[in-house]
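Student: Here it is, the structure in full.
The values are calculated or read from the model by the stated rules, or taken from the named source; none is laboratory data. Only a predicted model underlies this, so the values are computations on that prediction, with no experimental measurement involved. No Cβ is skipped: glycine too gets one built from the backbone with ideal geometry, and neighbour counts run over all protein chains shown. Heads up: the accessible areas ignore ligands, DNA and RNA and are worked out on the full protein's heavy atoms, side chains in. Shrake-Rupley method; radii C 1.70, N 1.55, O 1.52, S 1.80 Å.
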Amino acid sequence: MAEHAEHPAYPVGLRLTGRRVVVLGGGQVAQRRLPALIAAGAEIVLVSPDATPSVEAMAAAGEVRWERRPYAEGDLADAWYALIATSDTEANERASAEAERTRTWCVRSDDASAATAWTPATGRSEGVTVAVLTGRDPRRSAAVRDAIVEGLRDGTLAAPHHRTRTPGVALVGGGPGDPDLITVRGRRLLAEADVVIADRLGPRDLLDELPPHVEVIDAAKIPYGRYMAQEAINNSLIEHARAGKAVVRLKGGDPFVFGRGMEEAEALAEAGIPCTVVPGISSSISVPGAVGIPVTHRGVAHEFTVVSGHVAPDDERSLVDWASLAKLRGTLVVLMGVDKIGAIAQTLVAHGKSPQTPVALVQEGTTAAQRRVDATLATVAETVRAEDVRPPAVIVIGEVVTVGPQAAQRNA
């Protein structure tokens, strides 16, 4: 290989499904490379006296066949591809020589110049595989790979589909508010959308990044009241999808956590419109985490419960068993409950919860306007009035409010 080192490598995609691949060595290199070989459907034989716990787990799961011994002459027989990654230089050289004789494409982790193949820095985004080779500079390869994949994922690198698109709707959970907390898939679908129907609680900053041709519909401004507003949203989704457009319904948090996403999915199904659901990070866990509150903590809370507080405990429409919640020892997270927190606190105390139970209210969590206000069940109603806490805010009730370094600083 040395005399040909000045020539670039010839890139090619190996189709290894059902084909024998031999991996020599069960260390960190194998741990990094094996998942891609498994995903390619290769029949993998691992030859190594030992292996990392992760590699051993792959063998235990039947994803690779592990022969617990050192390399021996003939191990590469009938192999289409080989990865040589042992700590024994002499064994690596013998295996490399065998690969040369048997014309088996071979990668060497210890000496790239002696290999017949190089492993590119690879990444994937929605059916696209990016493979980058920059000679013998793997860090540069990885940096270029990361830049391309990130661009494909967030839409800053345009790669439009040139096949016929199937019209449909994507219900995308936008996360708690910070635009960086939307999922990679959600951001990519936004970049491909023709129409975006957005909630006021979604990551609004992302709308500024949309191309000028994208139609943005503010769902919060659709008229005729709450019930009719949802009906109007459903009709708008169906209308634009039937017009052959790619539609994204951008919702705050997760579509199926108090987001009425299933109502929209059902309406689309009834209309025969394909629907994709993209989960989002729920504010019930991300907003407390943003201010240093873990919803569970060893020795403090072994469970957490998320409830809607949009109707008072004594309202006949309430489906929440507040009496049972008062008896739980874990964390209670209340969404949409700022204006009802006084009644909620009274009900919990009436059913046995200590009035001194800590409470934290996190307003506009994960955004630039984020703030945290602390209280107890006994004081929370007055605290909300005095501090002018307004929706959207996540309310955390339980001892987890008092753990963590931020809590220690607040109590110092």
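Student: Could you say which residue among 365, 352 is open to solvent by less than 20 Å² (accessible area, probe 1.4 Å) and either modelled with pLDDT under 95 or touching a helix residue (DSSP H, G or I) at 6+ places or on another chain (Cβ under 6 Å) (or both)? First the steps, then the outcome.
Tutor: Details: 352 fails: open to solvent by less than 20 Å² (accessible area, probe 1.4 Å).
Checking each option against the conditions leaves just 365.
Student: Moving on to the next point. Collect the residues in region 38-51 that are in contact with a Leu (Cβ under 9 Å, 6 or more places away or on another chain) and open to solvent by 80 Å² or more (accessible area, probe 1.4 Å), keeping them in residue-number order. Steps first, answer last, please.
Tutor: Within region 38-51, the subset in contact with a Leu (Cβ under 9 Å, 6 or more places away or on another chain) is 40-44, 46-48.
Matches in region 38-51: 43 only.
Student: Select from region 372-384 the residues that are open to solvent by 10 Å² or more (accessible area, probe 1.4 Å) and touching a Gly at 6+ places or on another chain (Cβ under 9 Å) and list them in ascending order.
Tutor: Across region 372-384, the qualifying residues are 372, 381, 382, 384.
Student: Enumerate the pairs (first residue in region 29-43 and touching a residue at least 60 places away in the same chain (Cβ under 8 Å) and of a type in the set (D, E, K, R); second residue anywhere and open to solvent by less than 40 Å² (accessible area, probe 1.4 Å) and not in a helix (DSSP H, G or I)) with beta-carbon separation below 7 Å, excluding pairs fewer than 6 apart on the same chain, so at least 6 apart or on different chains.
Tutor: If the second residue must be open to solvent by less than 40 Å² (accessible area, probe 1.4 Å) and not in a helix (DSSP H, G or I), the pairs left are 33/83.
Student: Right, another one. Which of the following residues is at pLDDT 85 or above, among the β-branched types (Val, Ile, Thr) and part of a helix (DSSP H, G or I): 233, 217? Spell out how you get there, then give the answer.
Tutor: Working: 217 fails: part of a helix (DSSP H, G or I).
Going through 233, 217 in turn, the sole match is 233.
Residue-by-condition table, conditions (1) over 26 Å from the mean Cα position of the chain (by Cα); (2) not charged (D, E, K, R):
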{"site": "194", "(1), (2)": "no, no"}
{"site": "208", "(1), (2)": "no, no"}
{"site": "214", "(1), (2)": "no, yes"}
{"site": "231", "(1), (2)": "yes, no"}
{"site": "234", "(1), (2)": "yes, yes"}
{"site": "239", "(1), (2)": "yes, no"}
{"site": "248", "(1), (2)": "no, yes"}
{"site": "284", "(1), (2)": "no, yes"}
{"site": "287", "(1), (2)": "no, yes"}
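Student: Then there is this: Being within 19 Å of residue 245 (Cβ to Cβ) and of a type in the set (A, V, I, L, M, F, W, C) is the filter here; which residues of region 260-275 pass it?
Tutor: 265, 267, 268, 269, 271, 273, 275
Student: Tell me, yes or no, whether region 52-67 has at least one residue that is open to solvent by less than 50 Å² (accessible area, probe 1.4 Å), more than 21 Å from residue 129 (Cα to Cα), part of a loop (DSSP other than H, G, I, E, B) and touching a residue at least 40 places away in the same chain (Cβ under 8 Å).
Tutor: Yes: region 52-67 contains one or more residues that are open to solvent by less than 50 Å² (accessible area, probe 1.4 Å), more than 21 Å from residue 129 (Cα to Cα), part of a loop (DSSP other than H, G, I, E, B) and touching a residue at least 40 places away in the same chain (Cβ under 8 Å).
Student: What number of residues in region 348-400 are among the acidic types (Asp, Glu), more than 30 Å from the chain's Cα centre (by Cα) and part of a helix (DSSP H, G or I)?
Tutor: 2
Student: Also, I was wondering about something else. Taking region 172-198, which residues are open to solvent by 10 Å² or more (accessible area, probe 1.4 Å) and not in a loop (DSSP other than H, G, I, E, B)? Give the steps one after another, and end with the answer.
Tutor: We begin by selecting, within region 172-198, every residue open to solvent by 10 Å² or more (accessible area, probe 1.4 Å); these are 176-185, 187-189, 191-192, 194.
Once the filter is applied, which keeps residues that are open to solvent by 10 Å² or more (accessible area, probe 1.4 Å) and not in a loop (DSSP other than H, G, I, E, B), region 172-198 yields 179, 180, 181, 184, 185, 187, 188, 189, 191, 192.
Student: Out of region 105-160, which residues are modelled with pLDDT under 75 and either in a loop (DSSP other than H, G, I, E, B) or among the hydrophobic types (A, V, I, L, M, F, W, C) (or both)?
Tutor: Matches in region 105-160: 126, 127, 135, 136, 137, 155, 156, 157, 158, 159, 160.
Student: Something else: Looking at residue 35, is it farther than 21 Å from residue 132 by Cβ and loosely packed, with under 13 Cβ neighbours inside 10 Å?
Tutor: Numbers: farther than 21 Å from residue 132 by Cβ: no; loosely packed, with under 13 Cβ neighbours inside 10 Å: yes.
Taking the combined requirement at face value, the residue does not satisfy it.
Student: Quick check: anything in region 8-27 among the basic types (Lys, Arg), over 21 Å from residue 111 (Cβ atoms), open to solvent by 60 Å² or more (accessible area, probe 1.4 Å) and in a loop (DSSP other than H, G, I, E, B)? If you could, list the steps in order and put the result at the bottom.
Tutor: Just the residues of region 8-27 that are among the basic types (Lys, Arg), to begin with: 15, 19-20.
Cutting the leftovers down to over 21 Å from residue 111 (Cβ atoms) gives us 15, 19-20.
Those left that are additionally open to solvent by 60 Å² or more (accessible area, probe 1.4 Å): 15, 19-20.
Okay, now just the ones that are also in a loop (DSSP other than H, G, I, E, B), so 15, 19.
Within region 8-27 (the criterion being among the basic types (Lys, Arg), over 21 Å from residue 111 (Cβ atoms), open to solvent by 60 Å² or more (accessible area, probe 1.4 Å) and in a loop (DSSP other than H, G, I, E, B)), the answer is yes, since at least one residue qualifies.
Student: If a residue counts only when it is surrounded by fewer than 18 Cβ atoms within 10 Å (Cβ to Cβ) and not hydrophobic (A, V, I, L, M, F, W, C), which strands (runs of 3 or more DSSP E) contained entirely in region 263-347 have at least 1 such residues? Give the steps one after another, and end with the answer.
Tutor: On the way: elements: 275-278, 304-308, 331-335.
Fully inside region 263-347 and qualifying: 275-278, 304-308.
Student: Still on this structure, I have one more. Checking the conditions here, which among 201, 206 is open to solvent by less than 50 Å² (accessible area, probe 1.4 Å) and of a type in the set (A, V, I, L, M, F, W, C)? If you could, list the steps in order and put the result at the bottom.
Tutor: Details: 201 fails: open to solvent by less than 50 Å² (accessible area, probe 1.4 Å).
That would be 206, the only listed residue that is open to solvent by less than 50 Å² (accessible area, probe 1.4 Å) and of a type in the set (A, V, I, L, M, F, W, C).
Student: Which residue pairs have Cβ atoms closer than 7 Å, lie 6 or more positions apart in sequence or on different chains, and pair a first residue in region 108-122 that is at negative phi with a second residue that is assigned to a loop (DSSP other than H, G, I, E, B) and among the basic types (Lys, Arg)?
Tutor: From residues that are at negative phi, the pairs are 112/136.
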